[in-house]
Amino acid sequence: MNKAINKISENVKEKADFLKIISEENRLRIIYLIRSGKRCVCDIEKKLKLPQNLVSHHLKVLKNFQILSSKRKGVKIFYQLNQKVLEKYLKEVSKYLGLYFKCPKKTEE
């Protein structure tokens, strides 16, 4: 019984951590911006009018939770959404809340 309760607690914590991470306004803005394709820090800070160190901090948080992945090209690091991870968490949270959720297809701006 304790194992089952611990498993439920771990699952709830993981979902709560995901929601905390994406609920921060700047992180949500970054996700929205990156959804249309790869972006480097300099692009993100210009578009969102945020300081570079703040953008880097939020990118690190999103990357540590595997919501973003990165790839170095020369001196720049480009970030992109990890669609599979994002969909996984969105579906899990939706299912947990008893909602039906289907991830929308990637759109172009």
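Some values worked out for this structure:
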{"item": "Criterion: surrounded by fewer than 17 Cβ atoms within 10 Å (Cβ to Cβ) and under 14 Å from residue 27 (Cα atoms) - qualifying residue of 49, 71, 84, 76", "result": "49"}
{"item": "Long-range neighbours under 6 Å by Cβ, at least six apart or interchain, first residue free of Cβ contacts under 8 Å to residues at least 12 places away in the same chain within region 26-47, second surrounded by 15 or more Cβ atoms within 10 Å (Cβ to Cβ) and not basic (Lys, Arg)", "result": "28/22; 45/55"}
{"item": "Scope region 44-98; condition among the acidic types (Asp, Glu) and at pLDDT below 95; matching residues", "result": "87, 92"}
{"item": "Region 59-76 - residue that is in contact with a Leu (Cβ under 8 Å, 6 or more places away or on another chain) and part of a helix (DSSP H, G or I) and, of those, nearest to residue 40 (Cα to Cα)", "result": "59"}
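The values are calculated or read from the model by the stated rules, or taken from the named source; none is laboratory data. What you see is a predicted model; the values in this text were computed from it and never measured. Virtual Cβ from ideal backbone geometry, glycine too; neighbours counted across all protein chains shown.
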